[in-house]
Each structure stands twice: as structure tokens, then as C-alpha cells.
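Notes to accompany the following structure.
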Amino acid sequence: MSAAPSAYLATQSLTVLVPVYNEEESLPQFVVEMDKFLAQTPVATTVLFVNDGSTDGSLALLRNICRAGTPYEFISLAQNRGLSTAIKAGIDHCRTTLIGYIDSDIQTTPLDFLTFFEFLPEYDMVNGIRAKRQDTLVKKLSSKVANTVRRTLINDGIQDTGCPLKIIKIEYARRVPLFHGMHRFLGALVQLQGGKVKQLPVRHFPRFAGTAKYNLWNRAWKPLVDTFGFRWIRSRWLNYAIGEEQRQQQAPAGRTLEG
């Protein structure tokens, strides 16, 4: 890692968001894998699980994992709201300068985050590309079709928008709006804000345990509908930049600036 990124990272902090929906079989091994990353990360890191209304034993496991004095925390949504909402809730509760995202099914490894860091601060988001995907034929074909349709309709250049391995600077993540399918357009939403996205190949593994929560309907038809929704959002999107600023110091509560 060059001196410039190292100096930058010394001033940064990272929250890794981990959406969880009925993943009790994977969570213990996920923590084993995440601990390997935590032992090597050059950035002060917190892991924030977002329980998306799980109906199995996931919440009980999270209460045990996220004990005081550990780098693990969790929030639990009152009911299942879907992946986009879980990610946005994590962003809203983040207290760091960088936000990472990984799924809890251990099909990607948090150790690949280590290769992302050297591209900060030059890029505002680093997005993984799953190499040699270890998925079923139906899953791979439906994802390929969805990615092709999305790129054709919005031309964002993101090769694998569904890859569950990303790091985003907080100032860009905060401005991401919540809508159905938002998680499929994180790279495009960063680009809409004028941000730069770097794409890197990452490793991919067979699912460790449990079952996939998405089917052909989720991966083909719904992404198409969401893409048309994103096209509308993009057509209405506005950015602004501050050209000059002069502000008065805020007075303490109960006092005026005159004292």
C-alpha cells in the first residue's frame, strides 16, 4: 500500500454492514471469517449486523455475538422489509467515514476488503466483481440477464451490481435515497452524485449453509421494474455544491450570540 493511501486510511474508520435474514446456520462461521479480516484491517472497524425481521434463531445469535467490548453491534428491524431497507437502515445508523457491505452467507470473504483500501481516497466507492461464481445455473443466468438489461437501460458501466462486497464513502452513502431495489443501483447512485467507482475482481464461494432468499422472479422481473424506477429517479436528480460559506458560531443552548 502506497504512502498516500496509508496516510488517508489512518484518519478513517469503517463500518461493515451485514444484513441478516434467517441466517442462523451461517452466522457462527461468518464471525470466524470476519475475525480474520478484523485482525488485519488497517482501519478502525466496526461490524454492524442489521437483522431484517428474521424468524429463526438469528436474533438470539446476534445478541450473543454482539457483546460489550467486541467490534460487533446489531440493530433489529421490527419486521422484514427487504435488503434495500436493511442496507439503508445500516447507513442511517453508521458513525464512521467509510461503509462496507457484505452478505452473511459467506459466499464472499471479508478478506477481499483488504484489496479495496489502496483505491481510497482516489475513488468514492469500490465494488466487487464476483469471479468464477459458485452459484446454480439458474442463479447465474438470471443475474447475467438482469445485469445486461440494467446496463443497457442505464449504461452505468457497473459489471456486477449485485456483488455483496462494497466500500462507500459516507458522504455518498448518506445521500442514497431509499426505494425498492435501491441495493441494485448503489454504484449508479454514487455516480449520479459525481462520485468515482472502482471495480475489482473478488473471490466467490458456494453457499456455506441455509438457502438463498431470492428466486428467478427476484432476480429477473423485479430488477427490470426497479431499473425503470431508477431511470425516473435519475431524470429528476439534482446535485449542488457550496461555492462560498460564512457562518456564525452557534450559540450554546439557552443563550443568544450576544450572551
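Restricting the search to the stretch 146-185, which residues are modelled with pLDDT of 95 or more and within 18 Å of F116 (Cβ to Cβ)? Listed by number, the residues that qualify are L165, K166, I167, I168, K169, I170, E171, Y172, A173. Considering N239, N218, the condition of being at pLDDT below 75 and out of contact with any Phe, Trp or Tyr (no Cβ under 8 Å at 6 or more places or on another chain) is satisfied by N218 alone. Within the stretch 91-114, is even one residue over 16 Å from the mean Cα position of the chain (by Cα), at pLDDT 95 or above and not acidic (D, E)? Within the stretch 91-114, none of the residues are over 16 Å from the mean Cα position of the chain (by Cα), at pLDDT 95 or above and not acidic (D, E).
Every test in (1) in contact with a Leu (Cβ under 8 Å, 6 or more places away or on another chain); (2) surrounded by 21 or more Cβ atoms within 10 Å (Cβ to Cβ) is passed by V190 save one, and that test is (1). Tell me, which residue of the stretch 58-82 that is open to solvent by less than 30 Å² (accessible area, probe 1.4 Å) and touching a helix residue (DSSP H, G or I) at 6+ places or on another chain (Cβ under 9 Å) is nearest to H183 (Cα to Cα)? So the residue we want is G82. Among the residues here, T85 does not qualify as open to solvent by 30 Å² or more (accessible area, probe 1.4 Å), more than 13 Å from P19 (Cα to Cα) and at pLDDT 95 or above. With respect to (1) outside any loop (DSSP other than H, G, I, E, B); (2) open to solvent by 50 Å² or more (accessible area, probe 1.4 Å); (3) modelled with pLDDT under 85; (4) among the hydrophobic types (A, V, I, L, M, F, W, C), the lone exception for L257 is condition (1).
The values are calculated or read from the model by the stated rules, or taken from the named source; none is laboratory data. In this text, all values refer to a predicted model and were calculated from it rather than measured experimentally. Cβ sites come from the backbone with ideal geometry, for glycine too, and all protein chains shown count toward neighbours. With ligands, DNA and RNA removed, areas are computed over all heavy atoms of the protein, side chains included. Shrake-Rupley method; radii C 1.70, N 1.55, O 1.52, S 1.80 Å.
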